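In what follows, a structure is listed as C-alpha cells, so that the remarks can point back to it.
Only the coordinates and a few stated rules stand behind these numbers; no lab work does. Given the structure is predicted, the values throughout are model-derived calculations rather than measurements. With ideal geometry, Cβ positions are generated from the backbone for all residues, glycine too; neighbour counts draw on all protein chains shown.
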Amino acid sequence: MSVVELEEGKEWLNDTFHLIRCEDDCLPSIKWVLTLAKAVVLRHGVRGLVIDPYNELDHQRPANQTETEYVSQMLTRIKRFAQHHSCHVWFVAHPRQLQHWGGGPPNLYDISGSAHFMNKCDNGIVIHRNRDEKAGPLDRVQVCVRKVRNKVIGNIGEAFLSYNRYADISVP
C-alpha cells in the first residue's frame, strides 16, 4: 500500500465510520448509547450500529425486575430503535462461563444474561475460534449462523475461515 492509498483509506474510514465512546470512567447505559446513535443516524445518515460488548454497558435495573425482564425490555428498545431509524443493529454479547464446555461453539442460549438473546434476535450469528489443538487447527474460525427469522435473507449454516498469523491476511 502506498502512502497515498493509506491516506485515502484513512479518509474513507473517517468519513464512513462514526465511533461512539464513553470517555468517562462510568459505564454507558443502553439509553445513553441509543441517544447518541440517534444523533449520528440523523446527522450522518448512518444505517448500521454495532454495540460491542454487552457486558460493558451499565445494567442497573430496578430491584423488582429480573435479569430476564431487563434483557427483554432492553432488546425491545434496541429493535424499536432499529425499526424507527431504518438502522441495522449488531449487538455483540459473549457466552456465560459454560460449566461443562466441550470446546465447540456455544449456542445463542449460552449468552450471559437471558434466553431472550435467542428469542428476540432476527439473526443470530456465533463466531467461534478453536482453542484446542486436538479439535483441529488453532487458526480456524467458525462462523455459525444459528437463527434467521426472515428466510429470504439467508439460511442457517456455517462457514470456516483460517487466519495466517504471520502474513496478517485472511486465507479462505
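A few notes on this one:
- Amide H contacts of VAL89: LEU49, each under 5 Å away and 5 or more positions distant or on a separate chain (H built 1.01 Å from N in the peptide plane; Pro and chain starts excluded).
- Simple point charges give the picture: +1 on the Cβ of Lys and Arg, -1 on the Cβ of Asp and Glu, and for the chain a dipole about the Cα centre of about 880 debye.
- Number of Lys pairs (Cα under 17 Å; 8 or more positions apart or on different chains) in the chain: 6
- Cα Rg, Dmax, the chain, angstrom units: 18.7, 59
- Nearest-0.05 FRET efficiency for ASN164 and ASN123, computed from C-beta distance (R0 45 Å): 0.95
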